[in-house]
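Okay, so here's the structure we're looking at.
The values are calculated or read from the model by the stated rules, or taken from the named source; none is laboratory data. Just so you know, these numbers come straight off a predicted model, no measurement behind them. Here Cβ is always computed from backbone atoms with ideal geometry, including for glycine, and neighbour counts include all displayed protein chains. Each accessible area value is taken on the protein alone, full model and side chains, heavy atoms only, with ligands, DNA and RNA left out. Shrake-Rupley method; radii C 1.70, N 1.55, O 1.52, S 1.80 Å.
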Amino acid sequence: MNTTAKNVFLWILIIVAVLVLWNFLDTIRNGNIDDINYSEFTALVKNDQIRSYPTAPVTFSGNGNQIEGKYLDTASKAERKFRVIIPKGSQETIANTLNENGVIVKVKDDEQGSLIYVLLTSWFPIILFVGFWIFLMRQMQSGGNKALSFGKSRARLSSSQQKKVTFADVAGVEEAKEELAEIVEFLREPQKFQKLGGHIPKGVLLMGPPGTGKTLLARAIAGEASVPFFSISGSDFVEMFVGVGASRVRDLFEQGKKNAPCIVFIDEIDAVGRHRGAGLGGGHDEREQTLNQLLVEMDGFESNEGVILLSATNRPDVLDPALLRPGRFDRQVVVTLPDIRGREGILKVHCRRIPLGEDVDLSILARGTPGFSGAQLANMVNEAALNAARYNHKAVSMDEFEEAKDKVLMGKERKSMIMSDEEKRNTAFHEAGHALVAYVLPHADPLHKVTIIPRGRALGVTMQLPEEDRYNYTKEYMESSITILMAGRLAEELFLGSCTTGAANDLERATEQARKMVCEWGMSEEMGPLTFGKQEEQIFLGREISQRHDYSENTAMQIDAEVKKIVLHSYQQAKNILQEHTEALTRLAETLLEYETLDFDDIKAVIKGEKISKDIKPESPDTPAPEEKDKDEEKPSLPSLINPKERPAPA
């Protein structure tokens, strides 16, 4: 049903409602009036059945042809209203007769008063009803009445009074800034590009890991562009009613056309743009209707000139291919994790309003935070400022930044957690095993810090930081990582005679890395340079339920054997290193029991057999966290490993 048909249908409803209301009001106004003839009236007068009161007299109309009043019904013994038309010339006789019988008579000769009465009793309620109906229709069209505006878009228009974010507030994503700045320039000076035959991109998709600044870039565009900017989340299209999502998409682009040129920003577009036809049931569901409408609006029969769609997602792999093609999203801007220069720029942006100590060097902090996203860096700066305020410092020093970095990487220290001497000793040897093997292996990342103070969900942490940003990982590096993971459990077995559940996360991560080496990266000599298994995630079904295996059962057995071979080889390598450096491992564990936390210089000195002296830092004055007894699992750090997972501790 198009808009014209809808309007005609609404006006028909209004006319029918007015007629019904007219009849209803006429019934109320007239009440139960008996229309009698002149003979019946004369009989009532003769029988003295006409009744009147000072407030309700018998009334003659202005021309005298109609009489209204009350009479006594002898059958029901009740007073009823009557109305009668009398012959001309008999008004005076009837009036005298009524007066002789004591009936009050009044003549209505005020036509203006009668008109006002008719208007008040008849037309005013109808006019009021029609006015209310028109007001209701306008409210529905403008979306003001939320109870009746499910199909209206919930996009928010950025106002000039809001605090603006500009490109100066964004750092670490210079390539993305350049592409988006070109969009803003096109909106400001379209002739510069159109004179050479170019046209404005219809859509720009920002994609990258969480926390890299995709939404911040969109806010910067809203601050830089001098055009209307609509923002909405992908989940705002989803509603409990069928068809609402598609209706909201239509309304969103209608608003965009009215305000063109403009920018429409949809955050987390994967909520409505997921791949179609991957569910268990039929394909005609609410989400697919919304996606189909979005596809049509972006590039359909009707043009949307001047409306640029800007979207952000951290799951581009699940988006429908039809949504990603040129003509809908002409540009796909990848917002990656910042490099060392980008991290330094982000730190400068977040430290602009923070008083820094003389010893603070942001370049050192940038080198010491590889793999950090912009959100993590912002959190680290905020934690450093909170630490300085906690100790009543006037400026934020390098020590506060180091403490904040450790907190972001490894979690908050749980100094209130009470551990027995046996558990502390076990944790010390476990972490000493990790640290010693990481120190000895040439292809491993340099050590940063080792602690046996419970942090986050771990009883102890061994932290490594790469010297530079890594974009590729060698086979030797991956094997060294698995060897380091195996070293904690081996240290417990060799020096304490038993193993604990604290190595559960180590074993899980080591097995996962070995399987990726075999199935994804072709790092197995036995299996060769092949990949096994589909890596794309299904939309509605679980990964294991719907996984398509493109290899036989015999190949699966070979994969399992090769994974086991890699892990056991690393296990044996770690065992050889620990047996070769038995004294160094014991010294490192004993030093950890004494000082609880060691940095790289301390670890290096202890392994070489040198004595160290450390000042034990006083505990922070903040309230300690409550004891957590059910988290006995260790989460070794190694932040440079790929996709480190965190497994819930056993109950």
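Table for the structure above
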{"read-out": "Val461, Val296, ranked by accessible area, largest first (probe 1.4 Å)", "value": "Val296, Val461"}
{"read-out": "Using a Förster distance of 35 Å, the FRET efficiency for Asp599-His569 (Cβ separation, nearest 0.05)", "value": "0.70"}
{"read-out": "Volume in Å³ per residue [convex hull over Cα atoms, computed for segment 401-518]", "value": "114"}
{"read-out": "Length added when fully stretched, Ala395-Val334, from 0.36 nm per residue minus Cα-Cα", "value": "18.3 nm"}
{"read-out": "Estimated FRET transfer efficiency when R0 is 35 angstrom, pair Phe135-Glu68 (beta carbons, to 0.05)", "value": "0.40"}
{"read-out": "Sites matching GluC sites (Glu not before Pro) across segment 302-353 that sit in DSSP coil, with at most 15 neighbouring C-beta atoms within 10 Å", "value": "Glu302, Glu305"}
{"read-out": "Cut-off under 5 Å, modelled amide H: who pairs with Asp73 long-range", "value": "Ala78, Glu79, Arg80"}
{"read-out": "Loop-located trypsin sites (Lys or Arg not before Pro) in segment 66-98 whose Cβ has at most 11 other Cβ within 10 Å (DSSP)", "value": "Lys77, Lys88"}
{"read-out": "Computed E for Glu583/Lys516 - FRET, C-beta separation, R0 41 angstrom, nearest 0.05", "value": "0.70"}
{"read-out": "Length added when fully stretched, Asn96-Ala78, from 0.36 nm per residue minus Cα-Cα", "value": "3.9 nm"}
{"read-out": "Per DSSP, loop trypsin sites (Lys or Arg not before Pro) in segment 493-524 with at most 12 further Cβ within 10 Å", "value": "none"}
{"read-out": "Ser235 versus Thr166: modelled label distance in nm, points set 7 Å from Cα along the beta carbon direction", "value": "3.4"}
{"read-out": "Amide hydrogen neighbours beyond the local backbone of Arg455, cut-off 5 Å, H modeled", "value": "Arg414, Gly460"}
{"read-out": "Approximate spin-label separation Glu610-Ser416, in nm, with each point projected 7 Å along Cα-to-Cβ", "value": "3.9"}
{"read-out": "At 1.567 mPa s and 4 °C, Stokes D of segment 370-459 from Kirkwood alpha-carbon radius, µm² per second", "value": "86"}
{"read-out": "Inter-probe distance in nm under a simple model that places probes 7 Å from Cα toward Cβ, at Gln194 and Asn47", "value": "9.0"}
{"read-out": "Accessible area expressed per residue, segment 333-386, with surrounding protein chains retained (probe 1.4 Å, Å²)", "value": "48"}
{"read-out": "Accessible surface of segment 209-274 [probe 1.4 Å, protein heavy atoms]: carbon and sulfur percent", "value": "55"}
